[in-house]
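Asker: Encoded as structure tokens, here's the structure I'll be asking about.
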Amino acid sequence: MLSRPSVAARAVRCRVFSAVSEKPISGTWAPGPIAQSTTAVHAGVEPDEKTGAILTPVYMSTTFVQESVAKYQAKGFSYSRTRNPTVGAYEDKIAAMENGYGACAFSTGMAATTTVISAFMKSGDHCVISDCSYGGTNRSCREFFTPLGMEFTFVDFRDPAKVKAAMQPNTKMVFSETPANPVLSLVDLEAVSAIAKEHGAIHVCDSTFATPIILRPLDHGADITLQSLTKYYDGHNITVGGGLIAKTKELWEKIDWTRNVHGNIISPWVAFIQMQTAKTMELRVTRQSQTAQKIAEFLESHPKVTKVMYPGLKSFPQKELADKYHRNGLHGGMLWFDVVGGSPAGTKLMDTCQRPWSLCENLGATESIITACAVMTHANMLKEDREKVGISDGFIRISCGLEDPDDLIAALKKALDNL
């Protein structure tokens, strides 16, 4: 005769029965906030309902079949120039990482730049913009939008008083960049945002150098964040792309409408690639910031170096502002320096610095890059404008990758010692 199960055994059996009979919670999220690194991995992505695939599929489809005329776009998609499921998932991830209402992803960073100006400015409108920004931004304002009747005042954004003094009755946009490419000057975002709001203008901030890991402009009063997704979102020298992240639904809808008119949406394949690479952004930016700090300290100690600019150095002119806005003690993977002998010596160093450094454009990637800004990224600025903000012909900008910092320093030391 079988003995009666013990109380403990019956309790286990009851728990098993209860667990089986209740609705499974696997695949659901517990309530409460999640960390940014978790957001980077999971935001915008849900397992595929039909297959359980953990990654969002690449929907390489031009068009989407409708159930009926009456139910046109009932599923949210009609034509991939307007909206695409893969792109939409990536945009949800970007918006979550930047703490915005919504995001729009573009074919390039410059597509995002020209779209945001087109969306919020027209002939007769005025914009106060940083006198030191990415060269393509500067050129588009001077050579493309100005002939269309728009006005631009280029100002040193290190001083909010200069921004305020440049505001006009027809100012519709304030366009900042922090850290600025390539000189790394910083912007007091809260002060500039207050100035823009006071004058009824929107504040657009290009935060490509900082990434959302270090700085989220929307948290400090900006209305729209601009990202060159080519840089740290991709981070592997694979693709190009741009992003605009809006603080409100109304701003997002205006950007989305303008993108549809321009037809410059990011491709589904690129969106899929960047959706994966963005997952490791925090790991990469942390390592790149640590490497940049180490290299900056080495350069400061070398007798052939006359100036080093990096927000993590005690000698950085805006160190207090860097510590106020840059999170987690990180200051990014970008820095620049000058050498004894001026521009000719700087050019010689870039021509003789060996691997693992690569002499080329781009930044924020796994490979460390050394860039001659005067002839590469900022060649389309007027020479006098470049020199005014400190971009000489021998200006040396470096983007720290993921190589061992000692290997990078060894290559720099050899090139410096031979000057």
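Asker: Restricting to region 44-64, name every residue that is hydrophobic (A, V, I, L, M, F, W, C), open to solvent by 80 Å² or more (accessible area, probe 1.4 Å) and touching a residue at least 12 places away in the same chain (Cβ under 8 Å).
Answerer: The one that is hydrophobic (A, V, I, L, M, F, W, C), open to solvent by 80 Å² or more (accessible area, probe 1.4 Å) and touching a residue at least 12 places away in the same chain (Cβ under 8 Å): 60.
Asker: Considering each of 394, 364 in turn, give the residue that is small (Gly, Ala, Ser), within 23 Å of the chain's Cα centre (by Cα) and in a loop (DSSP other than H, G, I, E, B).
Answerer: None of the other options fit; the residue is 364.
Asker: On to the next question. What's the number of the only condition in (1) open to solvent by 20 Å² or more (accessible area, probe 1.4 Å); (2) in contact (Cβ under 8 Å) with a residue 12 or more places away in the chain; (3) part of a loop (DSSP other than H, G, I, E, B) that residue 72 fails to meet?
Answerer: (2)
Asker: Scan region 274-288 residue by residue and report those that are under 18 Å from residue 327 (Cα atoms) and among the polar types (S, T, N, Q).
Answerer: If the condition is that a residue be under 18 Å from residue 327 (Cα atoms) and among the polar types (S, T, N, Q), then 280, 286, 288 are the ones that fit.
Asker: Could you please find all residues in region 139-179 being closer than 20 Å to residue 189 by Cα and at pLDDT below 95?
Answerer: Matches in region 139-179: none.
Asker: Hey, can you tell me all the residues within region 120-140 that are crowded, with 22+ Cβ neighbours inside 10 Å and part of a helix (DSSP H, G or I)?
Answerer: 137, 138
Asker: Can you give me the number of residues within region 92-119 that are in a helix (DSSP H, G or I) and either touching a helix residue (DSSP H, G or I) at 6+ places or on another chain (Cβ under 8 Å) or open to solvent by 60 Å² or more (accessible area, probe 1.4 Å) (or both)?
Answerer: Selection size over region 92-119: 16.
Asker: Restricting to region 288-302, what's the tally of residues that are touching a residue at least 12 places away in the same chain (Cβ under 8 Å) and open to solvent by 20 Å² or more (accessible area, probe 1.4 Å)?
Answerer: 6
Asker: Within region 75-91, track down each residue that is open to solvent by 30 Å² or more (accessible area, probe 1.4 Å) and outside any loop (DSSP other than H, G, I, E, B).
Answerer: If the condition is that a residue be open to solvent by 30 Å² or more (accessible area, probe 1.4 Å) and outside any loop (DSSP other than H, G, I, E, B), then 79 is the only one that fits.
Asker: While we're here: I'd like to check something: does region 161-177 contain any residue that is buried (at least 23 other Cβ atoms within 10 Å of the Cβ) and among the small types (Gly, Ala, Ser)?
Answerer: yes
Asker: Scan region 332-359 residue by residue and report those that are farther than 20 Å from residue 303 by Cβ and crowded, with 21+ Cβ neighbours inside 10 Å.
Answerer: Selection gives 332, 333, 334, 357.
Asker: Oh, and also: If I filter region 237-253 for residues that are aromatic (Phe, Trp, Tyr) and surrounded by fewer than 23 Cβ atoms within 10 Å (Cβ to Cβ), do I get at least one hit?
Answerer: Yes, because at least one residue in region 237-253 is aromatic (Phe, Trp, Tyr) and surrounded by fewer than 23 Cβ atoms within 10 Å (Cβ to Cβ).
The values are calculated or read from the model by the stated rules, or taken from the named source; none is laboratory data. Just so you know, these numbers come straight off a predicted model, no measurement behind them. Neighbour counts run over all protein chains shown; Cβ positions are idealised from the backbone, glycine included. Accessible surface is based on the protein model in full, side chains and every heavy atom, while ligands, DNA and RNA are left aside. Shrake-Rupley method; radii C 1.70, N 1.55, O 1.52, S 1.80 Å.
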